[in-house]
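The values are calculated or read from the model by the stated rules, or taken from the named source; none is laboratory data. Model, not experiment: these values are computed from the prediction. All Cβ positions, glycine included, derive from the backbone under ideal geometry; neighbour counts span all protein chains shown.
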Amino acid sequence: MLHLLLYQLTSKKYVQDILDLCYIREILGDTIDDFLDYEDDILKNAFNAYRMYVNLYGANESAMAKFMKYFLDIQDQYAKIYTAFSIKFPHLMKLQRECDTVQLKYEETRPGVYKITSNLAIPKPIYDENSFRKHFKTANNGRITHDVQGNVDNKTTA
């Protein structure tokens with residue numbers, strides 16, 4: 001959305017297909033980041049879409065199946081757009097695969113058609129965040145520390 005706004009404000013030409021690719025790729029990347037940062041975000045009390053989902057809908061089998069379906073649908077949408085772009089811009093998409101930093105696996109199922117999957121597992125839901133924080137602090141002598149980038153560091157300092 002921000003990309004489109006910037007293009008319109010600067011009266012620059014843009015290709016809607018590229019913005020569509022950026023949009024779905026950003027959602028996919030953010031969702032994967034939320035899986036990877038889930039426990040850290042609980043400790044920092046930071047926003048995390050997966051965390052909010054667990055708090056709203058619980059972690060019963062039905063709710064988790066719906067979230068997994070949502071995630072797989074995003075992967076499928078990205079695979080379709082990626083496949084279309086691979087035909088139009090093969091060099092650009094090859095570069096995208098090489099630069100991908102969110103642990104996606106690109107499998108060419110037939111020439112020019114890709115299946116995109118992730119090796120990530122959805123983290124186990126944490127029902128009681130206060131108990132989780134308390135347990136973490138107890139295990140780390142009452143400290144929750146963060147490294148320079150804001151990641152939770154479970155090492156204690158003397």
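Can you tell me which of (1) out of contact with any Ser or Thr (no Cβ under 9 Å at 6 or more places or on another chain); (2) modelled with pLDDT of 85 or more is the one Pro111 doesn't meet? Checking Pro111 against (1) out of contact with any Ser or Thr (no Cβ under 9 Å at 6 or more places or on another chain); (2) modelled with pLDDT of 85 or more, the one that fails is (2). In a residue-by-residue description of segment 119-129, the property of being farther than 23 Å from Phe67 by Cβ, modelled with pLDDT of 80 or more, of a type in the set (D, E, K, R) and surrounded by 12 or more Cβ atoms within 10 Å (Cβ to Cβ) applies to no position. Criterion first (of a type outside the set (D, E, K, R), more than 12 Å from the chain's Cα centre (by Cα), part of a helix (DSSP H, G or I) and modelled with pLDDT of 90 or more) does Ile42 satisfy it? The answer is yes for Ile42. For beta carbons closer than 6 Å, sequence separation of 6+ or different chains, a first residue in segment 84-113 that is under 16 Å from Ile24 (Cα atoms) and touching a residue at least 24 places away in the same chain (Cβ under 8 Å) and a second that is loosely packed, with under 11 Cβ neighbours inside 10 Å and of a type outside the set (Ser, Thr, Tyr), the qualifying pairs are Gln103/Asn119.
When Tyr70, Tyr50 are checked against the criterion of being among the aromatic types (Phe, Trp, Tyr), closer than 28 Å to Asn140 by Cβ and either within 14 Å of the chain's Cα centre (by Cα) or not in a helix (DSSP H, G or I) (or both), Tyr50 stands alone in meeting it. Out of all the residues in segment 88-113, which are of a type in the set (S, T, N, Q) and in a strand (DSSP E or B)? Of everything in segment 88-113, just one residue is of a type in the set (S, T, N, Q) and in a strand (DSSP E or B), namely Thr109.
Scanning segment 114-133 for residues that are in a helix (DSSP H, G or I) and free of Cβ contacts under 8 Å to residues at least 40 places away in the same chain yields Asn130, Ser131. Just wondering, is there one or more residues in segment 55-68 that are surrounded by fewer than 16 Cβ atoms within 10 Å (Cβ to Cβ), touching a Phe, Trp or Tyr at 6+ places or on another chain (Cβ under 7 Å), free of Cβ contacts under 8 Å to residues at least 24 places away in the same chain and not basic (Lys, Arg)? Yes, segment 55-68 contains a residue that is surrounded by fewer than 16 Cβ atoms within 10 Å (Cβ to Cβ), touching a Phe, Trp or Tyr at 6+ places or on another chain (Cβ under 7 Å), free of Cβ contacts under 8 Å to residues at least 24 places away in the same chain and not basic (Lys, Arg).
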